[in-house]
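Encoded as structure tokens, the structure appears first; notes follow it.
The values are calculated or read from the model by the stated rules, or taken from the named source; none is laboratory data. The model shown is predicted, which means the values in this text are computed figures rather than measured ones. Here the Cβ positions follow ideal geometry from the backbone for every residue, glycine too, while neighbour counts run over all protein chains shown.
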Amino acid sequence: MSALADTLIDRVEGLAAGGGRVLLGIAGCPGAGKSTLAGWLAGRLTAAGLPAVWVPMDGFHLADAELERLGRRGRKGALDTFDAHGYLALLRRLRAETGTTVYAPSFDRDIEQPIAGSIPVPPAARVVVSEGNYLLAPQDPWPRVRAAMTEVWYADLDDRVRLDRLTRRHIRFGKPPEQAARWVAEVDEPNAAAIRATRPTADLVVDTAALPLTPLP
């Protein structure tokens, strides 16, 4: 394991030493490795004796039917295509309800839809790692989302690597190459510009290329 990896694990263990459940957020641009980092952290912490669960913010994507009704289907992934208040309510439950299992939604990339009640967070979970694009956004209710978390880190990655990875991911999940490139340019990158502006407000900036991570599909 790299020195940076050791430092990150030590940092979370330090946060947990204060008692109570740790809610760790990971923000960053699309394709920066947020999900990979979140899954890796949850696994490493659990293996180290600090039970952790990964709860993605993507479980709060609005369903395609609702995006169609709102006229937002063509820019899915933008700030206003998530149930931010629902996500905030879940975070508050995860912090307060530590004596019972709390169920969180996941996101299935094969069908591009949220799946309700699919991630159990048991009472034994000491850490919840939750990643998403907008955890540091200034628009309401995102400052309250940030306040509900113990810390929020920013996952950073060289843009050339990130854009290549992002385009290949869109192709892998069904978009033709031209459509994938257009979606990255017209939807993902305008979102990334807004997300990148929040980087200075993170508690920690993590270069995901410096970690021993295998990118998720």
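So, residue 136, is that one in contact with a Gly (Cβ under 7 Å, 6 or more places away or on another chain) and either of a type in the set (Lys, Arg) or under 21 Å from residue 75 (Cβ atoms) (or both) or not?
Values: in contact with a Gly (Cβ under 7 Å, 6 or more places away or on another chain): no; either of a type in the set (Lys, Arg) or under 21 Å from residue 75 (Cβ atoms) (or both): yes.
So residue 136 fails the test.
Every residue, every condition in (1) in a strand (DSSP E or B); (2) at pLDDT below 95; (3) of a type in the set (Phe, Trp, Tyr), yes or no:
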site: 12; (1), (2), (3): no, no, no
site: 18; (1), (2), (3): no, yes, no
site: 25; (1), (2), (3): yes, no, no
site: 36; (1), (2), (3): no, yes, no
site: 42; (1), (2), (3): no, no, no
site: 45; (1), (2), (3): no, no, no
site: 50; (1), (2), (3): no, no, no
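Okay, residues lined up against (1) more than 16 Å from the chain's Cα centre (by Cα); (2) of a type outside the set (Val, Ile, Thr); (3) farther than 11 Å from residue 58 by Cβ:
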position	(1), (2), (3)
79	no, yes, yes
107	no, yes, no
113	no, yes, no
119	no, no, yes
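Among the residues in region 25-32, are any farther than 21 Å from residue 147 by Cα, in contact with a strand residue (DSSP E or B) (Cβ under 7 Å, 6 or more places away or on another chain) and surrounded by 24 or more Cβ atoms within 10 Å (Cβ to Cβ)? Working first, answer last.
Within region 25-32, the first condition is being farther than 21 Å from residue 147 by Cα, and the residues that meet it are 30-32.
This time we only want the ones that are in contact with a strand residue (DSSP E or B) (Cβ under 7 Å, 6 or more places away or on another chain), so: 32.
Retained after the next criterion (residues that are surrounded by 24 or more Cβ atoms within 10 Å (Cβ to Cβ)): 32.
Scanning region 25-32, I find at least one residue that is farther than 21 Å from residue 147 by Cα, in contact with a strand residue (DSSP E or B) (Cβ under 7 Å, 6 or more places away or on another chain) and surrounded by 24 or more Cβ atoms within 10 Å (Cβ to Cβ), so the answer is yes.
Which pairs turn up if I take residues in region 1-25 that are in contact (Cβ under 8 Å) with a residue 24 or more places away in the chain and within 10 Å of residue 126 (Cα to Cα) and look for partners that are assigned to a loop (DSSP other than H, G, I, E, B) and not hydrophobic (A, V, I, L, M, F, W, C) with beta carbon separation below 7 Å, at least 6 apart in sequence or on another chain?
If the second residue must be assigned to a loop (DSSP other than H, G, I, E, B) and not hydrophobic (A, V, I, L, M, F, W, C), the pairs left are 16/126; 21/98; 21/126; 22/126; 22/150; 23/150.
Could you tell me whether region 143-163 includes any residue that is of a type outside the set (Val, Ile, Thr), loosely packed, with under 13 Cβ neighbours inside 10 Å and touching a Phe, Trp or Tyr at 6+ places or on another chain (Cβ under 7 Å)?
No, there is no match, as no residue in region 143-163 is of a type outside the set (Val, Ile, Thr), loosely packed, with under 13 Cβ neighbours inside 10 Å and touching a Phe, Trp or Tyr at 6+ places or on another chain (Cβ under 7 Å).
Look at region 57-109 and say how many of its residues are hydroxyl-bearing (Ser, Thr, Tyr) and either at positive phi or outside any loop (DSSP other than H, G, I, E, B) (or both). Reasoning before the result, please.
Initial filter on region 57-109 (hydroxyl-bearing (Ser, Thr, Tyr)): 81, 87, 98, 100-101, 103, 106.
From the residues that got through so far, the ones that are either at positive phi or outside any loop (DSSP other than H, G, I, E, B) (or both) too are 81, 87, 103, 106.
So the count comes out to 4.
Give the residues of region 168-217 that are in a helix (DSSP H, G or I), modelled with pLDDT of 95 or more and hydroxyl-bearing (Ser, Thr, Tyr), sorted by residue number.
If the condition is that a residue be in a helix (DSSP H, G or I), modelled with pLDDT of 95 or more and hydroxyl-bearing (Ser, Thr, Tyr), then 201 is the only one that fits.
I need every pair where a residue in region 44-70 that is without any contact (Cβ under 8 Å) to a residue 12 or more places away in the chain has its Cβ under 8 Å from the Cβ of a residue that is surrounded by 13 or more Cβ atoms within 10 Å (Cβ to Cβ) and part of a loop (DSSP other than H, G, I, E, B), sequence separation at least 6 or different chains.
Cβ pairs passing all conditions: 70/62.
Which residues, taken from region 110-138, are in contact with a Pro (Cβ under 9 Å, 6 or more places away or on another chain), in a loop (DSSP other than H, G, I, E, B) and exposed (fewer than 13 other Cβ atoms within 10 Å of the Cβ)?
Matches in region 110-138: 122, 124.
I need the full set of residues from region 79-117 which are under 21 Å from residue 133 (Cβ atoms), polar (S, T, N, Q) and in contact (Cβ under 8 Å) with a residue 24 or more places away in the chain, in order please.
If the condition is that a residue be under 21 Å from residue 133 (Cβ atoms), polar (S, T, N, Q) and in contact (Cβ under 8 Å) with a residue 24 or more places away in the chain, then 106, 113 are the ones that fit.
Can you run down the residue pairs with Cβ atoms below 7 Å, 6 or more apart or on separate chains, where the first is in region 165-182 and touching a residue at least 40 places away in the same chain (Cβ under 8 Å) and the partner is in a helix (DSSP H, G or I) and of a type in the set (D, E, K, R)?
From region 165-182, the pairs are 166/188.
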